[in-house]
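Taking it in order: structure first as structure tokens, then the write-up.
The values are calculated or read from the model by the stated rules, or taken from the named source; none is laboratory data. Bear in mind the structure is a predicted one, so any value in this text is a computation, not a measurement. Every residue, glycine as well, gets a Cβ built from its backbone with ideal geometry; the counts of neighbours run over all protein chains shown.
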Amino acid sequence: MLTITGGQAGRGAYCDGVSRRSFLKIGSLGVGAMGLNLADLFRGEASGAVTQKHKSVINIFLGGGPPHQDMWEIKTEAPKEIRGPFQPIATNVPGIQIGECFPKIAQIMDKSAVLRAVVGCEGRHDSFQCMTGWRHADLRAMGGRPAMGSVLHKLEGPVHKSVPPYVGMVTAGVWRDPGKPGFLGASYAPFKPEGQGLADMKLSGISLDRLGNRKALLTSVDRLRREADSSGQLRALDAYEQQAFDVLASSKMVDALDVSKEDPEIRARYGTGKPYQYQYDGAATNNEQILMARRLVEAGVRCVTLTYGRWDSHGNNEGLVRHHGVRIDQAVAALVTDLEERGMLDDVTVLVWGEFGRTPRINKSAGRDHWTQVSCAYMAGGGMQTGQAIGSTNRLGEHAHSRPVHVQEIFATVYKNLGIDTRNATIADPAGRPQYLTEKEPIAELV
């Protein structure tokens with residue numbers, strides 16, 4: 001962190017009297033020689049006009065792998081050890097039934113789409129494929145494929161100069177990784193609004209006038225650093241620092257993250273997701289993060305990612321699904337309804353899924369183990385043709401029986417919803433070669 005204080009010139013000082021050891025401290029935002037924190041979010045950002053009308057995605061990762069046969073396609077004709085204890089319930093779309101743990105989503109099925117036969121899952125216990133659409137090994141030597149939020153940051157830039165385009169609601173970890181920038185580099189990583197990241201957005205008693213004065217002082221010191229920079233890597237730093245100061249000078253992000261400012265009736269509709277159970281080393285069933293995601297996209301964030309629960313049900317699958325299921329049912333139904341009431345549903349894509357499915361046969365611990373042959377997903381919004389259940393598995397839920405949907409088809413669909421033509425859009429890798437965003441077309445039934 002670079003902190004700048006006053007003081008007289010002396011040995012080791014620059015010609016303007018500012019010591020090389022001096023620092024600038026603004027709240028807890030570190031800007032200067034050793035790093036920029038918030039400013040790093042804006043490194044490499046393309047300039048351009050800001051528009052308040054924008055498309056967004058809320059990507060909810062069910063870390064651990066949700067059981068496909070206990071959610072959107074109950075296997076009523078399978079033997080008991082395959083079918084499990086859950087019963088199907090009717091939805092508001094004639095002919096479509098889903099699992100009994102999702103009664104609120106059943107009532108908004110006309111605004112929803114469930115994908116019952118998702119294929120192409122790699123089988124690793126993390127969020128990488130659900131954030132990028134690609135397998136780990138792809139372009140790994142040059143940093144790996146970037147997450148969708150990083151791609152949006154690169155291609156579209158910020159909607160509002162004080163709002164990061166990509167926000168990950170939780171810290172890194174095997175169950176809770178909000179996505180990585182891959183070969184695009186750290187400048188395109190998600191902003192994580194907790195801990196130090198949240199503290200970085202608070203002025204901590206510094207007035208806007210003092211902020212401006214300190215910004216001017218920092219600029220003068222940085223100019224000297226740039227003159228000594230033979231590599232040229234610091235030449236564009238002013239723009240990134242400007243946006244970091246814009247975040248500090250605006251309340252948009254802090255307000256969006258403060259759910260206490262939400263209408264109490266709306267907040268009650270989402271619920272809290274408490275009591276948290278089956279969490280272990282994973283994410284909580286925190287419904288307020290889903291409300292926060294809506295507030296963030298409303299403020300101008302293009303991509304919000306979050307992890308909901310820990311779905312690795314090797315034991316007591318029924319207990320876990322009943323606990324997690326009814327809670328995410330409440331939150332997702334509230335989110336879709338809320339977006340519609342605000343006139344945002346066609347502009348925001350909601351995606352809910354995990355890294356793979358669960359075994360058809362229930363094990364001796366009353367759980368289901370890992371199953372990569374088929375998985376499932378829920379989608380809403382984005383202007384899609386909803387009110388559909390797409391695809392099916394065979395009688396035992398072992399593999400796709402009709403209309404398998406590949407992971408990359410899901411990504412192609414979301415990109416299309418966001419206004420990006422995946423047939424033509426590319427991003428340059430570190431070698432300067434254009435890389436397409438997906439290798440497959442959008443889901444024809446939805447678009």
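A few comments on the model shown:
- Test result for Pro434, surrounded by fewer than 23 Cβ atoms within 10 Å (Cβ to Cβ) and out of contact with any Phe, Trp or Tyr (no Cβ under 6 Å at 6 or more places or on another chain): yes
- Within the span defined as the range 385-399, one or more residues are closer than 27 Å to Glu156 by Cα and either assigned to a loop (DSSP other than H, G, I, E, B) or touching a strand residue (DSSP E or B) at 6+ places or on another chain (Cβ under 8 Å) (or both).
- Subset of the range 158-182 that is farther than 16 Å from Glu298 by Cα and surrounded by fewer than 21 Cβ atoms within 10 Å (Cβ to Cβ) - its residue that is modelled with the lowest pLDDT: Ala172
- Residue pairs whose Cβ atoms lie under 7 Å apart, sitting 6 or more positions apart in sequence or on different chains, and linking a residue in the range 370-393 that is over 8 Å from Arg116 (Cβ atoms) to a partner that is part of a loop (DSSP other than H, G, I, E, B) and of a type in the set (Gly, Ala, Ser), are His370/Gly65; His370/Gly123; Thr372/Gly123; Ser375/Gly354.
- Of all residues in the range 110-135 being among the charged types (D, E, K, R) and either surrounded by 23 or more Cβ atoms within 10 Å (Cβ to Cβ) or over 17 Å from the mean Cα position of the chain (by Cα) (or both), the one that is nearest to Ser375 (Cα to Cα): Arg116
- The set of residues in the range 402-422 that are closer than 20 Å to Gly157 by Cα and in a loop (DSSP other than H, G, I, E, B) comprises Leu418, Gly419, Ile420, Asp421, Thr422.
Residue by residue, here is whether (1) on the phi > 0 side of the Ramachandran plot; (2) in contact with a helix residue (DSSP H, G or I) (Cβ under 7 Å, 6 or more places away or on another chain); (3) of a type in the set (D, E, K, R) holds:
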{"position": "Val336", "(1), (2), (3)": "no, yes, no"}
{"position": "Asn363", "(1), (2), (3)": "no, no, no"}
{"position": "Cys376", "(1), (2), (3)": "no, yes, no"}
{"position": "Ser392", "(1), (2), (3)": "no, no, no"}
{"position": "His401", "(1), (2), (3)": "no, no, no"}
{"position": "His406", "(1), (2), (3)": "no, no, no"}
{"position": "Lys416", "(1), (2), (3)": "no, no, yes"}
{"position": "Asn424", "(1), (2), (3)": "no, no, no"}
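- Check on Pro103, modelled with pLDDT of 95 or more and touching a helix residue (DSSP H, G or I) at 6+ places or on another chain (Cβ under 6 Å): no
- Filter result for Thr285 (closer than 23 Å to Met71 by Cβ, polar (S, T, N, Q), assigned to a loop (DSSP other than H, G, I, E, B) and touching a residue at least 24 places away in the same chain (Cβ under 8 Å)): yes
- Some residue of the range 318-335 being part of a strand (DSSP E or B), over 20 Å from the mean Cα position of the chain (by Cα) and not small (Gly, Ala, Ser): no
- Members of the range 393-411 that are in contact with a Pro (Cβ under 9 Å, 6 or more places away or on another chain) and hydroxyl-bearing (Ser, Thr, Tyr): Thr393
- Among (1) small (Gly, Ala, Ser); (2) in contact with a Leu (Cβ under 8 Å, 6 or more places away or on another chain); (3) farther than 26 Å from Ala333 by Cα, the one test that Ala366 misses: (2)
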